[in-house]
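Quick notes on the structure that follows.
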Amino acid sequence: MTGAIENTIGELDKVTAEAKNLFGNLSPEQLNWKPAAEKWSIAQCLDHLIVSNNTYYPQFNELISGKHRNSFCQNIGFISKFFGGYLIKETGPVVAKPMKSPPAFAPSQSAIAASILSDFEKHQNEFTICIRQLDKVDLDETILSSPALKIITYTLTDLLIILGGHEQRHLNQAKNVLAHSGFPSK
């Protein structure tokens, strides 16, 4: 298995373990509490990761089955290099400025079921299995398109970095909700 795949799986495992540890004993009300109407709850942060990661399954399945071929647009190297670098920086763990999530990646806007933590853990395990299956793919030569906007392309290597950073970003966001002074006690 390549270093990029191992690193991403390590990030996913770390986020999963930390989410279980930090949020595992919270009530449904606490999981769904929002510091402000326009802010996300802990449950929404986890739901967003499930929703956004799930949008990659069609492309990952094509890669695993050997059916993926880079399109003409995907082979324009400077575009993929630009967007890969940009998204690594902008969606990583440290938030320089908040970004609005594309509609394709939006979490549920209503109360999320108390099963969100077990749903998240199940999702993470399945997503990790899928990522492991990418070990025969040339990560640097394989170009994928963003499920949110097809013109945005990046290498599979960059996507793996983006996924790990994005997970940490939203774990940090959920931790900030937990640490908020108005967070409800049991």
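No value in this document is a laboratory result; all are computed from the given coordinates. Keep in mind the model is a prediction, meaning the values are calculated, not measured. Methodologically, a virtual Cβ is constructed for each residue, glycine included, from the backbone with ideal geometry; neighbour enumeration extends over all protein chains shown.
Observations
- Net charge of neighbours whose Cβ lies under 14 Å from the Cβ of Ser115, counting Lys and Arg as +1 and Asp and Glu as -1: -1
- Mean Kyte hydropathy of 0.5 or more with a Cα span along the axis of at least 15 Å, helices from DSSP in the chain: 42-54
- Ser185, Ser71, Ser146, Ser41 arranged by Cβ crowding within 10 Å, fewest neighbours leading: Ser185, Ser71, Ser146, Ser41
- Placing R0 at 41 angstrom, the Cβ-Cβ distance between Asp13 and Cys73 gives a FRET efficiency of 0.75 after rounding to 0.05.
- Placing dummy labels 7 Å off each Cα toward the beta-carbon, the span from Asp138 to Lys186 is 5.7 nm.
- Proximal lysines relative to Lys81, as straight alpha-carbon distance under 27 Å, when same-chain residues fewer than 8 apart are discounted: Lys67, Lys89, Lys97, Lys100, Lys136, Lys150
- Coordinate range along principal axes, alpha carbons of region 3-179, Å, largest first: 48, 30, 25
- Per-residue HN-Hα couplings for region 103-114 [Karplus 6.51, -1.76, 1.60; θ = phi - 60°; Hz; x = Gly/Pro]: x, 5, 10, 5, x, 4, 9, 9, 4, 9, 4, 4
- Straight-distance candidates among the aspartates and glutamates for linking to Lys175, with alpha-carbon spacing under 18 Å and chain neighbours fewer than 8 residues away dropped: Glu11, Asp13, Glu18, Glu29, Glu38, Asp47, Glu121, Glu167.
- Residue-span extension gain [Met99 to Glu121] - 0.36 nm each, minus C-alpha spacing: 5.4 nm
- Put in order of Cβ neighbour count within 10 Å, fewest first, the listed residues Ser65, Ser52, Ser181 become Ser181, Ser65, Ser52.
- Footprinting exposure proxy for Arg132, Arg69 (fewest neighbouring C-beta atoms within 10 Å first): Arg69, Arg132
- Cβ-based net charge around Thr155, under 11 Å, with every Lys or Arg adding one and every Asp or Glu removing one: -3
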